[in-house]
Amino acid sequence: MNLNEYLNKIQGSKGFLIIISGPSGVGKGTVIKRLMEACPNLSRCVTCTTRAPRPGEVEGVDYCFLTAEQFRQMVEAGRFLEYAHVHLNYYGTPLASVEKIVNRGEGCILEIDVQGGIEAKKRAPDAVMIFLAPPSMEELERRLRGRGTESASAVAKRLANAQKELDCIPGYDYLVVNDNIDEAAHKIECIILAERARIKRYE
Ligand code: ADP
Ligand code: 5GP
């Protein structure tokens, strides 16, 4: 290809998936919010869940909140890129939402659990997989309890799942420790910039 052909490809290129996983309470939501404030060309895909909304969560912004029956119908209609049973509820990524973002040429941020991340990567091999880890297990517990959004039993369930999630780190491309919110968001921004510049994305 000559230079103009490359430049045209860059102009017209599609976006790609950026999968961000990590244990509950590690700070995924917080870091992603900071990242989105700093970066144009990124959209977070709103996913679906059968879990009840937490105080302050907004339908269509934080999640699409579905009944178990509505969720089942979407599974049967093949409308999820992936779905998984996580901490007692179902969660799934609607294919149509991902396609809309990617077709606009934007990076599509998917904040999903490790099972979903690995499933999505199979269907979208050019996805970039980032694992967000806590600086320590004690700090993870402090953050989860400090958030105050889950019952004691739900916190215990989420902490018990954390170790299994950490076991999935080798399936990811990048490991970012969320010690400081700004630094973690900046590292993810750098990863996305580098991934966007990969030549294989234009070939
Ligand atoms: P997740 O989306 O991974 O479940 P949240 O973004 O809800 O986690 O963060 C869990 C709690 O930890 C929140 O109270 C948030 O303010 C806090 N938190 C997030 N990142 C940090 C950090 N780097 N240092 C201290 N507290 C943090
Ligand atoms: P929470 O209930 O704390 O909002 O989310 C619980 C877990 O479900 C988090 O690890 C979050 O990343 C994950 N999650 C949210 N949406 C999806 C999704 O569409 N698919 C999968 N597999 N996990 C999701």
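The values are calculated or read from the model by the stated rules, or taken from the named source; none is laboratory data. Just so it is clear, the structure is predicted and the values come from calculations on it, not from any experiment. Because the Cβ atoms are built from the backbone with ideal geometry, glycine has one as well, and the counts that use them run over all protein chains shown. To get the accessible areas, we keep the full protein, side chains included, count just its heavy atoms, and leave off ligands, DNA and RNA. Shrake-Rupley method; radii C 1.70, N 1.55, O 1.52, S 1.80 Å.
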- Message: Could you tell me which residue out of PRO170, ALA184, ASN103 lies farthest along the dipole of the stretch 13-198 toward its positive end? Charges go on the beta carbon: Lys and Arg +1, Asp and Glu -1, centred on the Cα centre.
- Response: ASN103
- Query: Among SER21, SER151, SER136, whose mean-square fluctuation peaks in a Gaussian network model of the chain (Cα, cutoff 10 Å)?
  - Reply: SER151
- Note on the structure: SASA check, LYS164, accessible area w/ 1.4 Å probe, all protein chains in place, rounded to nearest 10 Å², comes out at 130 Å²
- Query: For GLU76 and MET1 in the same chain, what is the full-extension length gain: residue separation times 0.36 nm, less their Cα-Cα distance, in nm?
  - Reply: 22.7 nm
- Quick one: ranking MET1, MET36 by accessible area, 1.4 Å probe, largest first, what do you get? MET1, MET36
- Query: Helix 181-196: angle to the longest alpha-carbon principal axis of the chain, degrees 0 to 90, nearest 10?
  - Reply: 30 degrees
- Item | Degrees, to the nearest 10: 3-12 long Cα axis against longest axis of the chain | 30 degrees
- Message: Leaving out ligands, DNA and RNA, and with a 1.4 Å probe, what % of the accessible surface on the stretch 16-136 is carbon or sulfur?
- Response: 54 percent
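Determine the dipole magnitude for the chain: charges of +1 sit on the beta-carbon of Lys and Arg, -1 on that of Asp and Glu, nothing else is charged, the reference point is the Cα centre, and the result goes in debye to the nearest 20.
With only Lys, Arg, Asp and Glu charged at Cβ, the dipole is about 200 debye.
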- Non-local residues with an amide H under 5 Å from the amide H of LEU81, with H modelled 1.01 Å from N and Pro and chain starts lacking one, are THR93, LEU95
- Note on the structure: If amide H atoms are modeled at 1.01 Å from N in the peptide plane, then the residues at a separation of 5 or more from TYR90, or on another chain, having amide H under 5 Å from its own are THR50, ARG51
- Item | Under 5 Å, built H, 5+ apart or other chain: amide partners of LEU175 | PHE131
- Degrees separating the helix 137-147 axis from the principal Cα axis of the chain, which is the longest one: 80 degrees
- Query: Pick from PRO134, PRO55, PRO125: which residue has the top mean-square fluctuation in a GNM of the chain where Cα pairs under 10 Å get a spring?
  - Reply: PRO55
- Note on the structure: To the nearest 0.05, the calculated FRET efficiency linking ARG51 and ILE169 through their beta-carbon distance, R0 being 22 Å, is 0.30
- Accessible area in the full protein assembly, largest first, 1.4 Å probe, for MET129, MET74: MET74, MET129
- Checked the stretch 1-47 against the a/c 1.5 cut and the a/b vs b/c comparison, axes a ≥ b ≥ c from its Cα gyration tensor; verdict prolate
- Note on the structure: Over the chain, with neighbouring protein chains present, the accessible area per residue in Å² at probe 1.4 Å is 53 Å²
- Message: Can you find, among GLY117, HIS87, ALA133, the residue sitting farthest towards the positive end of the charge dipole of the stretch 65-152, where Lys and Arg contribute +1 and Asp and Glu -1 at Cβ?
- Response: GLY117
- Taking 0.36 nm per intervening residue step and subtracting the Cα-Cα distance, what contour gain separates GLU189 from ASP126 on full extension? 21.0 nm
- Message: Just to check I understand the Karplus step: with θ = phi - 60° and J = 6.51 cos²θ - 1.76 cosθ + 1.60, what whole-Hz values come out for the stretch 48-57, glycine and proline as x?
- Response: 10, 8, 9, 6, 6, x, 7, x, x, 6
- Message: Could you identify which residue out of ARG123, ARG104, ARG51 has the top mean-square fluctuation in a GNM of the chain using Cα springs shorter than 10 Å?
- Response: ARG123
